[in-house]
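Heads up: the structure comes next, in structure tokens.
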Amino acid sequence: MQLLRPIAVKEKRLLKWLLFISLCGVIQSCSTLYHDKHKIEEPTAQKGFNVKKYVLKNGLTVLISPNPKLPIVSYYTLFDVGGRDEGPGTTGATHFLEHMMFKGAKKYGPGQFDTQLEKSGGVTNAFTTNDMTVYYQNIPVSFLETMVDMEADRMQNLLLENNSFESERKVIFEERKMRYENSPDGLLFLALMKKIFAGTPYGQSVIGDEADLKALTRDQMMTFFKNYYVPNNAILAIAGDVDPDKVIELVKKHYENIPFSKSLSALKKESSGLEIFKSKVEFGKEYKIYATNPIPKFVMGFQGEKIGIKKAYVMDILAMILSNGGSSYLIQKYVKSDKALLNDISLSNFNLMQSGVFYFSGEIKDGNSLDEVKKTIENDFTDMCDNSINKRSLQKAKNQILAQAYHQLKSNSGIASTIVRNEKWYGDYNFGLKELDIYKAITESEVQNICRETLVAGKSIFISTWDKYPKTVESK
Amino acid sequence: MKKVLFLIPLLIFSNHVFSQAINTSSKIEDSIKRLNWNGVDVVYIEDNRFPTFDLTLYFADGALSESSGENGLTEHSFSLIDSGTDKLSQAEILDQFEFTGSEFSSSVTHEYSTISISGLTKDMNTTFSQACSLLRNANYPEKVIKKEIDLERESLLTLVASPQGLAERVFREISMGQTPYSYPVSGKLNDFASYTPTKLRSKMNYFLDKVKKRIYLTGPSSVLSLEKILTKECQLKGTSQDFVRSMEVPVSKTNKTTFIFVPVPDANQVQLRIGRFLNANEIQYRNLDALASDFLGGGFTSKLMREVRTKRGLTYSIGSFIASQKQYGRSGISTFTKNETINRLIEVIDETVSKIAKNGISKEDLEHSSEGMIGSYPFKFESNSAFLSQLLLLDHIARPYSDLFEFKESVAKVTAKEVAQRIKDVYGFDKQIIFVLGDKSIESSLRKLTKKYGNLEVVDYKKYL
């Protein structure tokens, strides 16, 4: 069994993840779905995904998707809180809290959550990003009632016991070392986020700065928990062998009495707004960071877009055309050509709720100079935009998006994760279908224009790691 | 392509309509169809939920087919199959597959090899015609091979920056000892120069024409029309003379602890692997092995996870495994910690295993694992391609499919005494390779453990690249 939990923010380079990040948009947070009129929304028979949606009187949104193929269920709980909600000096609090959510609540005390779940045959994990925290389980349907009870228990009665708090702090330092300090790719990603989103909440490290993690107290975390782990800040998605009418009664029984937060909206206002996310990035600058890679690696970051706007979708297509697969422009020209300069190159479109970054990452081929590689890529932008985007490459990108979408929908967890994210990003679990129409409608000239606007006319920052650089504070 | 874009909404509307209620083992078993295409066995599971297909072509031989001077040739004859043909360049081949979103991949183990192809059924015929053309006509152009090998070389040379990847590679070879299975299937730096177009083509021909093959297929019934393409264009055929790899391997005796340190520069985290080679006579009880390794290091509530992470915060993750093929296996415990706590980590693992060996495990503890494994049983079938992978492995090791369908009953019969004994036999510290990869500075600290685990052997990782 691969142990992944808990996971800090990930570099979204995998195509699948990139697709579903950008498959979703909309700035509307799930808290805006909250109805304080104390009535239950009737499920609507919407077309698209076979899902019934309910909003409980405390604002908890519940999505249920029946699939009777096997007696199993996937259970996703999304909280609309991420690294962006942490104030100065408390970086890593969201992710640390995610760890602590497995350490015991009032009814299911320390060790009980994992023990009961794994004894049933289920598996569980969670992840934290800049914008959200997601908990998920794959369980036999026979365990569903206990699962609902356990999730509701920890949503309202988390213990944050001192012993496990300190023990888990050590675990997080190990995770930090594994993902970032001992990984040149991890260091590059942290540096990219820090520089491109300088002075904004997105510039903070989701796993947390070392000093902040050391200083974080149980009381600070409890306040954070009480502020954000409230039903009107959560979305639940259950997919599998279930009858929605029965399951919603179960969910209501366990969740409906959890009080909603009256102060959530005010709190969210504090951490939102254009000014807060206005980056102080210094485009044109270069940064060199010591890491253990014997051949230089780099990222070149451009201004990206936030989730859900048309330009973000076009940038998805652009990234796919330029770097997805061995036949793509960048791989053919820089990795597989007779005069290859690089061992690897990729282009990623990372859209967040309030902003984004569009970036190249690569590793140079031994013997080539990093400066030369940088110049060559920059001088190639015009050609790249003029010659790589054509009818065939555009259609290829669209076909690849479709193939990925099918793959995602083959499992209960794929369906649950898709609808829960769509609901958060768009307030519409079905938005994935509309997105396919958006992708379908994108034209060659739109992609070319965005390519020129972003790469030819745009400015970038350039960050590299190498074991020949002097060791500085940047490397930690 | 417009047609495809309209398919998605239809698919999602109808997801529940096409769902098949497969709730009992007998029904699951009934869903497997066995066919014969030109002498080649076909294992097929019909799946009408999606207009997609997954096919795996199995070959009953692997890297063990290589003679002296051929190390890594098999893996490269498979992985470089897209390097070019007389008619198409590598770029054109890649473009053809990628245009439809189809996936083409290969895998080579010591004992067997596979090629897997998946995609949308509407592009199925085109995809397989392309695949057949590669299988039969790939000519491995020298220029392309050189470039690909150069990339591989640089990837190996930079592995030092990826401590986990480096630890996996070096530990595997060391822990497999002097057996035929220790050499990496992908070869080493010194082997790369020997991969010529002629040798690569000849190796692929051997697999296509001499080795026993089997097809594992899932998708709607329309995928059965692939028979024609696979038998005509790929020219797949099977006969009773087809070769099946089998080795006469002398029993390898492991009766002492070996303590190894691999220094790497500037690491503030240490990789730890503990494990050993398992002889054919040690891998007869697969369900017992699954239960024993799950109990020791599977999941968040395993014995090791509780002792190492939950109680002491020594690591972020720890896992154990017992993996077996047809004629050999290997066991392992895999974890990491900060430089300062490596000795403690090794001792805690040792204490945990020793305690189980000495005191056994309680019935309640066993039930936690066995009930968990039984409860997770339906997940084995959620993805048909994963289901087929399990059938492929059973066929490869010559076990009946009933092993899979009687899994629950088999696991329920295992006793606590048997699990404790198995953990002692497999993971007992008296016969393990204790493998540490980390910063040079930890060597002196590790030497404090030599009284317990024997001399510390310092190994240069470059030997294993």
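What follows draws every value from the coordinates through simple rules; no lab data is involved. Bear in mind that the values here come from a model prediction, so they are computed numbers and not experimental data. Don't worry about glycine lacking a Cβ; one is built from the backbone with ideal geometry, like all the others, and counts go over all protein chains shown.
Remark: spin-label model distance B:Ile32-A:Ile309 equals 5.5 nm, labels positioned 7 Å along the Cα→Cβ axis. What separates the Cα centres of the stretch A:95-124 and the stretch A:140-188 is a distance of 9 Å. Spin-label model, A:Thr472/A:Lys262: points 7 Å from Cα along the beta carbon direction are separated by 5.2 nm. Scaled against the 2.2 N^0.38 Å expected of a compact globular protein of N residues, the Cα radius of gyration of the stretch A:217-341 reads 1.72. Remark: A:Ser323, B:Ser89, B:Ser383 ranked as B:Ser89, B:Ser383, A:Ser323, counting other beta-carbon atoms within 10 Å and listing the fewest first. A P(r) calculated from all alpha carbon pairs of the stretch A:367-438, with 10 Å bins opening at zero, reads 16, 29, 21, 23, 11, 0 percent. Across the stretch A:286-475, Cα-Cα pairs more than 20 Å apart make up 59 percent of the total.
I'd like the antiparallel share, as a percent to the nearest 5, of DSSP beta bridges with both residues in the stretch B:29-233. In the stretch B:29-233, DSSP labels about 80 percent of beta bridges as antiparallel. Each stretch of four or more DSSP H residues adds -39500 (n - 2.57); spread over every residue of chain A, this sum gives -12000 deg cm²/dmol at 222 nm. Dipole magnitude for chain B: about 840 debye, using +1 per Lys or Arg Cβ and -1 per Asp or Glu Cβ, origin at the Cα centre.
The convex hull around the C-alpha trace of the stretch A:29-270, projected and averaged over every direction, spans 13.9 square nanometres.
Global dimensions of the protein assembly as shown from alpha-carbon coordinates: Rg and Dmax equal 27.3, 78 Å. Net charge of the neighbourhood of B:Ser79, taken over other residues with C-beta under 11 Å away and scored Lys/Arg +1, Asp/Glu -1, is -4. In a reduced charge model with +1 at each Lys and Arg Cβ and -1 at each Asp and Glu Cβ, chain A shows a dipole moment near 380 debye about its Cα centre.
Annotation: chain B has a Kirkwood hydrodynamic radius of 24.4 angstrom, from the mean reciprocal C-alpha pair distance. Shielding by partners for peptide A:323-336, expressed as the average number of C-beta atoms from other protein chains within 10 Å of each residue's C-beta, is 3.
Can you tell me how the stretch B:258-464 classifies by the Cα gyration tensor, rounded, prolate or oblate, using a/c under 1.5 as the rounded cut? Prolate is the answer for the stretch B:258-464, as a/c is 1.5 or above and a/b outweighs b/c. Each residue of chain A gets 143 Å³ once the volume of the Cα convex hull is shared out per residue. Among the chymotrypsin sites (Phe, Trp or Tyr not before Pro) in the stretch A:278-321, those placed in a DSSP loop whose Cβ has at most 15 other Cβ atoms within 10 Å are A:Phe283.
Just so you know, the Cα atoms of the stretch B:130-245 work out to an Rg and Dmax of 18.5, 48 Å. Both the radius of gyration and Dmax for the stretch A:147-221 are 15.5, 43 Å, in that order, over alpha-carbon atoms.
Summary value for chain A: 24 percent relative contact order, contacts being C-alpha pairs under 8 angstrom separated by 6+ residues. The mean number of partner chain beta-carbon atoms within 10 angstrom of a residue's beta-carbon across peptide A:119-125 is 5. Compactness of the stretch B:29-233, taken as the C-alpha radius of gyration over 2.2 N^0.38 Å, stands at 1.09.
Residue order for A:Lys424, B:Lys237, fewest other beta carbons within 10 angstrom first, comes to B:Lys237, A:Lys424.
Put in line by how crowded their Cβ is, counting other Cβ atoms within 10 Å and starting with the fewest, A:His99, B:His76 read A:His99, B:His76. To the nearest Å, what is the center-to-center distance of the stretch A:251-326 and the stretch A:331-387, using C-alpha atoms only? Their Cα centres are 21 Å away from one another. The value of relative contact order for the stretch A:382-468, using C-alpha pairs under 8 Å at least six residues apart, is 35 percent. For B:Val211, the amide hydrogen comes within under 5 Å of the amide hydrogens of B:Phe243, counting only partners 5 or more places away or on other chains and with H modelled in the peptide plane. Please give me the summed charge of the neighbours of B:Tyr216: other residues whose Cβ is under 10 Å from its Cβ, Lys and Arg +1, Asp and Glu -1. Its environment carries a net charge of -2.
Here the Karplus curve 6.51 cos²θ - 1.76 cosθ + 1.60, taken at θ = phi - 60°, turns the phi angles of the stretch A:73-90 into couplings of 9, 10, 10, 10, 10, 10, 9, 7, 8, x, x, 5, 8, 8, x, x, x, 10 Hz, with x standing for Gly and Pro. Across peptide B:94-106, the mean count of Cβ atoms from other chains lying within 10 Å of each residue's own Cβ comes to 5.
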